[in-house]
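The values are calculated or read from the model by the stated rules, or taken from the named source; none is laboratory data. The structure displayed is predicted, hence computed values, not measured ones. So basically every Cβ, Gly included, is an ideal-geometry build from the backbone, and we count neighbours across all protein chains shown.
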Amino acid sequence: MKIIQLPSGNKFYQTPCGLFPSVTTILKATMPEEQKKRLRNWQERQSSQAGTLRTEAAQRGKIIHKLIETRFRGKDLECPPDLSDFWGEAQKIIKAIGEVAAIETPVYHPMLQYAGTLDLLAQWQDIPTLFDFKTSHREKSAKWLTDAKLQIAAYRAAYEFLFDVEIPQGLIVVITPNTVQLFTLEKVELEAYWQGWLLRLEQYRSLDFYGQLFS
């Protein structure tokens, strides 16, 4: 699927059923006020460094995702020296992952009209599991990962709709230079976050879709 990236950072997917906003775009546009406040406070604390730190984090995540993808595709890329600690920790979890069904795969929901690219669908402890990989310089609290959980719920529903399979589990993997954190989402929690995703999707639909696209 073709991806349209706007200067604002918003993304839209050209799917067989039309132009759909990405999951990340929807989550960004419907960010709760409390979350916006935390982000503003962080930016104020970091002062002029905030933009640089966000750029560095995005680039770090992109590189680690690419290293993981190529490893599962049977190849290896050279890891930049400054990310070797992150990559060393990532490989510990990679070794424990079983058979892969999908890697960096675009998905969309024809009925609910959203799209995105899932990180990985593979066997984890003999259970089909949807993975979301994150990188961070410090460990995360589960309460900071709400959007990641909503994202997994959205991708899960889209994949299940397209391929008529059941994905009973999600796993958020937070990779730091010193450790790997695992946050498991079992079926009951996935269903709860699916309801949360539907609410965010409804909020997004009240916004000016075409204004975002052409602004």
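In the list 204, 210, which residue meets the criterion of being at pLDDT below 95, exposed (fewer than 13 other Cβ atoms within 10 Å of the Cβ) and under 24 Å from residue 13 (Cβ atoms)? Criteria check complete, one pass: 210.
Residue-by-condition table, conditions (1) of a type outside the set (S, T, N, Q); (2) within 16 Å of residue 167 (Cα to Cα); (3) under 13 Å from the mean Cα position of the chain (by Cα):
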site: 70; (1), (2), (3): no, no, no
site: 73; (1), (2), (3): yes, no, no
site: 112; (1), (2), (3): yes, no, no
site: 116; (1), (2), (3): yes, no, yes
site: 135; (1), (2), (3): no, no, yes
site: 138; (1), (2), (3): yes, no, no
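Across region 143-175, the qualifying residues are those that are among the β-branched types (Val, Ile, Thr) and not in a helix (DSSP H, G or I), and the one among them that is surrounded by the most Cβ atoms within 10 Å (Cβ to Cβ) is 175. Only residues that are over 14 Å from the mean Cα position of the chain (by Cα) and under 15 Å from residue 133 (Cα atoms) were counted in region 169-184, giving 8. Restricting region 59-88 to residues that are among the basic types (Lys, Arg) and without any contact (Cβ under 8 Å) to a residue 12 or more places away in the chain, the residue that is surrounded by the fewest Cβ atoms within 10 Å (Cβ to Cβ) is 75.
Looking at region 1-28, which of the residues that are among the charged types (D, E, K, R) and within 19 Å of residue 201 (Cβ to Cβ) is surrounded by the most Cβ atoms within 10 Å (Cβ to Cβ)?
Kept after step one, since they are among the charged types (D, E, K, R), are these residues of region 1-28: 2, 11, 28.
After this cut, where a residue has to be within 19 Å of residue 201 (Cβ to Cβ) as well, the list is 11, 28.
Working: 11: 19, 28: 16.
So, considering only residues that are among the charged types (D, E, K, R) and within 19 Å of residue 201 (Cβ to Cβ), the one surrounded by the most Cβ atoms within 10 Å (Cβ to Cβ) is 11.
The residue of region 109-142 that is surrounded by the fewest Cβ atoms within 10 Å (Cβ to Cβ), among those that are among the aromatic types (Phe, Trp, Tyr) and under 15 Å from residue 61 (Cβ atoms), is 133.
Exactly one residue among 150, 162 is aliphatic (A, V, I, L, M), closer than 19 Å to residue 34 by Cβ and modelled with pLDDT of 95 or more, and that residue is 150.
For region 125-160, which residues satisfy the criterion of being aromatic (Phe, Trp, Tyr) and within 19 Å of residue 191 (Cβ to Cβ)? Across region 125-160, the qualifying residues are 131, 155, 159. All conditions in (1) out of contact with any His (no Cβ under 9 Å at 6 or more places or on another chain); (2) in contact (Cβ under 8 Å) with a residue 40 or more places away in the chain hold for residue 160, with the sole exception of (2).
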